[in-house]
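Shown next, in structure tokens, is the structure this report addresses.
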Amino acid sequence: MARSSIKIIRMLRETARRLKNGAPYQWGHMGSCNCGHLAQTITNYNKGEIHKAAMTRYGDWAEQLRDYCPQSNLPLDTLIDKMLESGLTREDLANLERLSDKNILAQLPAGTPYLKHNVRDDVVLYLNTWAAIMENELLQNINLEPLQQENKAFVPSSLLYSE
């Protein structure tokens with residue numbers, strides 16, 4: 001899984017929000033499917049531009065990611081470059097398309113039925129769960145030890161800077 005970052009968390013949450021609020025969703029359309037929606041968030045390309053880029057080569061996102069070559073200069077490979085530059089991995093994207101990352105699935109709320117990769121609400125749940133996992137990782141990595149070593153008390157910035 002990608003290294004946790006605020007940037008990725010924001011992209012995941014934004015994509016989930018757009019889908020939840022009714023953005024056009026069609027799993028069989030390369031620009032309106034799971035990866036297509038995240039690609040829209042990352043690249044600011046619209047669904048048609050993403051779909052057109054994908055049609056220069058055969059296959060769905062999983063096949064496109066498997067055949068990805070950063071030196072090809074094919075339109076979808078250039079788009080995938082941008083997604084990878086954001087901090088995601090090819091495995092993240094392949095898992096997103098099928099909602100199949102075992103770490104994310106293990107963190108779903110108790111009683112959640114099996115996710116279907118082509119159901120909007122399941123995609124929203126998967127994206128939000130992924131973002132929550134990353135948020136928890138970031139919180140766990142915050143190191144307050146230097147403050148404790150210096151024997152300084154932590155004072156919230158809201159108390160230091162009042163308006």
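The values are calculated or read from the model by the stated rules, or taken from the named source; none is laboratory data. Remember, predicted model here, so these are calculated numbers, not experimental data. Cβ: placed from backbone, ideal geometry, glycine included. Neighbour counts: every protein chain shown.
If a residue must be part of a helix (DSSP H, G or I) and among the β-branched types (V, I, T), how many such residues does region 94-132 contain?
Going through region 94-132, the residues part of a helix (DSSP H, G or I) turn out to be 94-98, 102-106, 120-132.
The next check asks that each one be among the β-branched types (V, I, T); those that pass are 104, 123-124, 129.
So the count comes out to 4.
Going through region 94-124 one residue at a time, which ones are more than 20 Å from P24 (Cβ to Cβ) and either in contact with a strand residue (DSSP E or B) (Cβ under 7 Å, 6 or more places away or on another chain) or surrounded by 12 or more Cβ atoms within 10 Å (Cβ to Cβ) (or both)? Steps first, answer last, please.
Step one: filter region 94-124 for residues more than 20 Å from P24 (Cβ to Cβ), giving 94-95, 98, 100-115.
If the condition is that a residue be more than 20 Å from P24 (Cβ to Cβ) and either in contact with a strand residue (DSSP E or B) (Cβ under 7 Å, 6 or more places away or on another chain) or surrounded by 12 or more Cβ atoms within 10 Å (Cβ to Cβ) (or both), then A94, N95, R98, S100, D101, I104, L105, Q107, L108, T112, L115 are the ones that fit.
K102 - would you say it is modelled with pLDDT of 95 or more and either over 16 Å from C33 (Cβ atoms) or over 14 Å from the mean Cα position of the chain (by Cα) (or both)? Break it down stepwise before answering.
Working: modelled with pLDDT of 95 or more: yes; either over 16 Å from C33 (Cβ atoms) or over 14 Å from the mean Cα position of the chain (by Cα) (or both): yes.
Yes.
Scan region 125-150 and report the pairs whose first residue is more than 11 Å from L12 (Cα to Cα) and surrounded by 14 or more Cβ atoms within 10 Å (Cβ to Cβ) and whose second residue is aromatic (F, W, Y) and at pLDDT 50 or above, with Cβ atoms within less than 9 Å and a gap of 6+ or a chain change.
Within 9 Å, no pair qualifies.
Does A53 fit the bill of being more than 18 Å from R98 (Cα to Cα) and touching a Pro at 6+ places or on another chain (Cβ under 7 Å)?
Values: more than 18 Å from R98 (Cα to Cα): yes; touching a Pro at 6+ places or on another chain (Cβ under 7 Å): yes.
Here the answer is yes, as A53 does meet what is asked.
Kindly establish whether Q64 is at pLDDT below 95, polar (S, T, N, Q), crowded, with 20+ Cβ neighbours inside 10 Å and out of contact with any Ser or Thr (no Cβ under 7 Å at 6 or more places or on another chain). Lay out the reasoning, then the answer.
Details: at pLDDT below 95: yes; polar (S, T, N, Q): yes; crowded, with 20+ Cβ neighbours inside 10 Å: yes; out of contact with any Ser or Thr (no Cβ under 7 Å at 6 or more places or on another chain): yes.
Spelling it out, Q64 is indeed at pLDDT below 95, polar (S, T, N, Q), crowded, with 20+ Cβ neighbours inside 10 Å and out of contact with any Ser or Thr (no Cβ under 7 Å at 6 or more places or on another chain).
Check S32 against each of (1) free of Cβ contacts under 8 Å to residues at least 60 places away in the same chain; (2) under 16 Å from the mean Cα position of the chain (by Cα); (3) assigned to a helix (DSSP H, G or I) and name the one condition it does not meet.
For S32, the exception is condition (3).
Does A53 satisfy being outside any loop (DSSP other than H, G, I, E, B) and either modelled with pLDDT under 95 or of a type in the set (K, R) (or both)?
Numbers: outside any loop (DSSP other than H, G, I, E, B): yes; either modelled with pLDDT under 95 or of a type in the set (K, R) (or both): yes.
So A53 fits the description; yes.
Taking region 1-29 as the region of interest, how many residues are in a loop (DSSP other than H, G, I, E, B), modelled with pLDDT under 95, out of contact with any Gly (no Cβ under 6 Å at 6 or more places or on another chain) and farther than 17 Å from E97 by Cα?
2
Let's see how each residue does on (1) hydroxyl-bearing (S, T, Y); (2) farther than 23 Å from R18 by Cα:
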site: L79; (1), (2): no, no
site: L84; (1), (2): no, no
site: D92; (1), (2): no, no
site: N95; (1), (2): no, no
site: K102; (1), (2): no, yes
site: A106; (1), (2): no, yes
site: P109; (1), (2): no, no
site: K116; (1), (2): no, no
site: T129; (1), (2): yes, no
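Among (1) touching an Asp or Glu at 6+ places or on another chain (Cβ under 8 Å); (2) closer than 22 Å to K52 by Cα, there is one condition S86 misses while meeting the rest; what is its number?
Tallying (1) touching an Asp or Glu at 6+ places or on another chain (Cβ under 8 Å); (2) closer than 22 Å to K52 by Cα, S86 fails exactly one: (1).
Only residues that are over 17 Å from Q64 (Cβ atoms), touching a Ser or Thr at 6+ places or on another chain (Cβ under 9 Å) and among the hydrophobic types (A, V, I, L, M, F, W, C): list them for region 1-48, please.
Residues satisfying the conditions are M1, A2, I8, M11, L12, A23.
Considering only residues that are hydrophobic (A, V, I, L, M, F, W, C), surrounded by 14 or more Cβ atoms within 10 Å (Cβ to Cβ) and out of contact with any Leu (no Cβ under 7 Å at 6 or more places or on another chain), which ones fall in region 19-55?
The initial filter retains those residues of region 19-55 that are hydrophobic (A, V, I, L, M, F, W, C), namely 19, 23, 27, 30, 33, 35, 38-39, 42, 50, 53-55.
From what's left, surrounded by 14 or more Cβ atoms within 10 Å (Cβ to Cβ): 19, 23, 27, 30, 33, 35, 38-39, 42, 50, 53-54.
If the condition is that a residue be hydrophobic (A, V, I, L, M, F, W, C), surrounded by 14 or more Cβ atoms within 10 Å (Cβ to Cβ) and out of contact with any Leu (no Cβ under 7 Å at 6 or more places or on another chain), then L19, A23, W27, M30, C33, I42 are the ones that fit.
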